[in-house]
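Everything on this sheet refers to the single structure shown next.
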Amino acid sequence: MSEKNFKTATFEEKMKMLYSKMSEKQQKNGREQIIYMCREYCGKCPSYEGTGEESLAFCMVGKSSVITEKKACLCGQCPITRTMGLRWGYYCINGNALELSQAEK
């Protein structure tokens with residue numbers, strides 16, 4: 001898939017393309033990069049702050065067992081949302097993008 005096609009692909013198409021071509025080590029490194037980026041968004045989100053939650057990257061890892069109140073969501077501002085074509089929010093409460101994608105089917 002070309003860079004142009006990647007930009008216009010759906011989240012599901014991007015996941016298939018990326019994970020089919022990545023080694024386990026590359027996948028692990030990718031997850032670490034996402035978690036690093038999430039400090040700026042998940043870590044500063046009103047729904048996250050003050051809860052005692054320590055995890056990040058809910059769009060990838062899924063629901064928090066600590067966050068229960070929807071105060072506000074910064075997911076739409078996150079570069080991962082734009083890059084990966086994510087179309088949901090409140091991953092910390094609703095679950096990861098793959099789960100939400102499969103729930104639509």
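What to note about this one:
- Angle in degrees between helix 24-38 and the longest Cα principal axis of the chain, rounded to the nearest 10: 40
- Inter-label distance, nm, simple model (7 Å from Cα along the C-beta direction), Ser65/Leu18: 2.6
- Against the chain, whose longest principal axis comes from its Cα atoms, helix 11-21 is set at around 60 degrees.
- With the convex hull of its Cα atoms as the shape, the chain has an orientation-averaged projected area of 6.8 nm².
- Flagged links, alpha-carbon separation over 30 Å, of Lys16/Lys71; Lys25/Lys71; Lys25/Lys70; Lys21/Lys70; Lys21/Lys105; Lys28/Lys105: Lys16/Lys71; Lys25/Lys71; Lys25/Lys70; Lys21/Lys70
Just so you know, all these numbers are worked out from the coordinates, no wet-lab data involved. Being a predicted model, the structure only gives us computed values, none of them experimental. Heads up, the Cβs are rebuilt from the backbone with ideal geometry, glycines too, and the neighbour counts pull from every protein chain shown.
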